[in-house]
Amino acid sequence: MSKPLVAIVGRPNVGKSSLFNRLVKSPMAVVAETAGTTRDRVSTEVIYNDRPLILVDTGGLEPLPESAIEEQVQVQVEIAIQDADAIILLMDVLDGCTPIDDQIAERLRRTEKPVVLAANKSDNERRAHGIADFFRLGLGEAIPISAYHDVGISSLMDALFAALPEQVGPVEEDADIPALAIVGRTNVGKSALLNAILGEERAIVSDIPGTTRDALDTSLLYRDQRLLLIDTAGIRRRGKIVPGIERYSALRAIRAIYRAQVAFLVLDATELVTAQDTHIAGEVADAYKGAVVLVNKWDLASELGLDQASYMEHIRSRLKFMPYAPIRFVSALRKQGIGEALDAALMVFEERGKWIPQNRLQSMVMTSLSEHQPPGKGRRHLTVRKVVQQGVNPPTFTFYVNDPELVHFSYRRYLENRLRDGLGYRWSHLKLQFKGRGKHQRAK
């Protein structure tokens, strides 16, 4: 079954982002951590006691600062209700139960979503007694936590997973059928690209940004291979997302990325790579999905004086954290480059399913370690005892080490680059996990 999507909601300044940051660091293992994306994370996949989930900070989707507080809260709650599988309602124990907390609880009571109450800033036993005030919300007992001091986090997560149904969400797509998500900011031509691929007007196409409101699934047979295309609404920069349905679209697009195996990251040839493009690329990379960068509207290249070599160099400089992603130039309007785009996606998909013989993998890693010694901290040095391939889609490799905390991100990147080059993963993002023993068991 698909991974549950859990949204953190609550009124402003109760510590939603602090709780999000705490949860993705401890006690969970961060599955996705990509450097250089120059963005604020809104969502991430994490694991708690070997159970995965997609965590979303609705604080990262707040509307414009001048909007009314009630409107901000209402939008956040509606986002969570629409697409989250479970909701963490965060409150401030110092403020007690406020009228806005009452409003949120009233709306949540009318849903069938599991809701877990958390009373933040319960830094000591005296403050924790304040949770009694939240009983009147009618959503059960609040769990006293302190996101800042790492208090009560395990109790919160135990309660969350206890509230989740055993089976969450739709059945995962067939692993043998490539699921391709079409993602990008608004008005870059994602729906037009879908129509060009299908050869028919299956999705609404408009010059008005944000026309597509939901993720649309469409099956396609290409070169005797069945594909699943997932068209999504454009993802806007967080400060530019307006209240209402467009915010829901952003959350749904995040789920679409996690459902896919390969993402078409659609860029607009008439604009340089923007910060929002790198944001979306970072979401794809953090989810360890395959990626194909599509530069749409390339039919205007001559008019704009563009050439592919220069544009590719610009893309590589802006998406340094995604050097493996093939780049293709297309025109959805003129249906140009569509076959090349699909061929690239299938190439990436096939490579992501490759298994490496254990002796070849071990030899490659030992050579890499000898050529560049692992870093150390003081007198302590990283020791790699064994490495095994855990899975495919994404290619996942587990390193058994003396202490995962000794793995610097730069050395992690070095190992990934060496494995990619030495094992023939030219087009794939590799997922590297580091596990220790005893007190150093947590994967990194």
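Take the conditions buried (at least 19 other Cβ atoms within 10 Å of the Cβ), farther than 27 Å from ASP176 by Cα and out of contact with any Phe, Trp or Tyr (no Cβ under 8 Å at 6 or more places or on another chain) and apply them to LEU333. Does it pass? Here the answer is no, as LEU333 does not meet what is asked.
Applying the criterion of being without any contact (Cβ under 8 Å) to a residue 12 or more places away in the chain and part of a loop (DSSP other than H, G, I, E, B) to the residues of the range 296-334, the residue that is nearest to VAL56 (Cα to Cα) is PRO323.
Of the listed requirements (1) in contact with a Gly (Cβ under 9 Å, 6 or more places away or on another chain); (2) of a type in the set (Asp, Glu); (3) modelled with pLDDT under 95, GLU351 misses just one: (3). For the structure I just gave you, tell me whether ALA32 is among the small types (Gly, Ala, Ser), touching a helix residue (DSSP H, G or I) at 6+ places or on another chain (Cβ under 6 Å) and modelled with pLDDT under 85. For ALA32, the condition - among the small types (Gly, Ala, Ser), touching a helix residue (DSSP H, G or I) at 6+ places or on another chain (Cβ under 6 Å) and modelled with pLDDT under 85 - is met.
The residue that is modelled with the lowest pLDDT, counting only those in the range 16-29 that are part of a helix (DSSP H, G or I) and among the hydrophobic types (A, V, I, L, M, F, W, C), is VAL24.
Quick check: anything in the range 35-42 in contact with a Ser or Thr (Cβ under 6 Å, 6 or more places away or on another chain) and either at pLDDT 65 or above or acidic (Asp, Glu) (or both)? Within the range 35-42, not a single residue is in contact with a Ser or Thr (Cβ under 6 Å, 6 or more places away or on another chain) and either at pLDDT 65 or above or acidic (Asp, Glu) (or both). What do you reckon, is ILE143 crowded, with 19+ Cβ neighbours inside 10 Å, modelled with pLDDT of 90 or more and more than 26 Å from the chain's Cα centre (by Cα)? Yes; evaluated as a whole, the condition is true for this residue. If the condition is being under 17 Å from VAL348 (Cα atoms), touching a residue at least 24 places away in the same chain (Cβ under 8 Å), not in a helix (DSSP H, G or I) and not charged (D, E, K, R), then the range 389-439 contributes VAL392, ASN393, PRO394, PRO395, THR396, GLY424, TYR425, TRP427, SER428, HIS429, LEU430. Name every residue in the range 115-163 that is more than 22 Å from ASN21 (Cα to Cα) and in a loop (DSSP other than H, G, I, E, B), in order of residue number. Within the range 115-163, GLY138, LEU139, GLY140, GLU141 qualify. No other residue among GLY438, GLY424 is modelled with pLDDT under 95, of a type outside the set (D, E, K, R), surrounded by fewer than 19 Cβ atoms within 10 Å (Cβ to Cβ) and under 21 Å from PRO178 (Cβ atoms) apart from GLY424. For the range 367-380, does any single residue satisfy the condition of being closer than 30 Å to GLN225 by Cα and either surrounded by fewer than 14 Cβ atoms within 10 Å (Cβ to Cβ) or of a type in the set (A, V, I, L, M) (or both)? No, there is no match, as no residue in the range 367-380 is closer than 30 Å to GLN225 by Cα and either surrounded by fewer than 14 Cβ atoms within 10 Å (Cβ to Cβ) or of a type in the set (A, V, I, L, M) (or both). Here the condition is being touching a helix residue (DSSP H, G or I) at 6+ places or on another chain (Cβ under 7 Å), modelled with pLDDT of 90 or more and part of a loop (DSSP other than H, G, I, E, B); of VAL266, VAL293, VAL273, it holds for VAL273 alone.
Among the criteria (1) within 23 Å of the chain's Cα centre (by Cα); (2) modelled with pLDDT under 95, the one GLY378 does not fulfil is (1). Screening ARG316 against (1) closer than 26 Å to ASN393 by Cβ; (2) among the basic types (Lys, Arg); (3) surrounded by 19 or more Cβ atoms within 10 Å (Cβ to Cβ) leaves a single unmet condition, (3). Is it true that GLU283 is in a helix (DSSP H, G or I) and either of a type in the set (Ser, Thr, Tyr) or at pLDDT 80 or above (or both)? When the stated conditions are applied, GLU283 passes them.
For the range 71-84, the count of residues that are in the same structural domain as LEU139 (by TED's automatic domain parsing) and either modelled with pLDDT of 85 or more or part of a loop (DSSP other than H, G, I, E, B) (or both) is at least one.
The values are calculated or read from the model by the stated rules, or taken from the named source; none is laboratory data. None of these values were measured; they are calculated from a predicted model. As a convention, Cβ positions derive from the backbone with ideal geometry for all residues, glycine included, and neighbour counts pool all protein chains shown.
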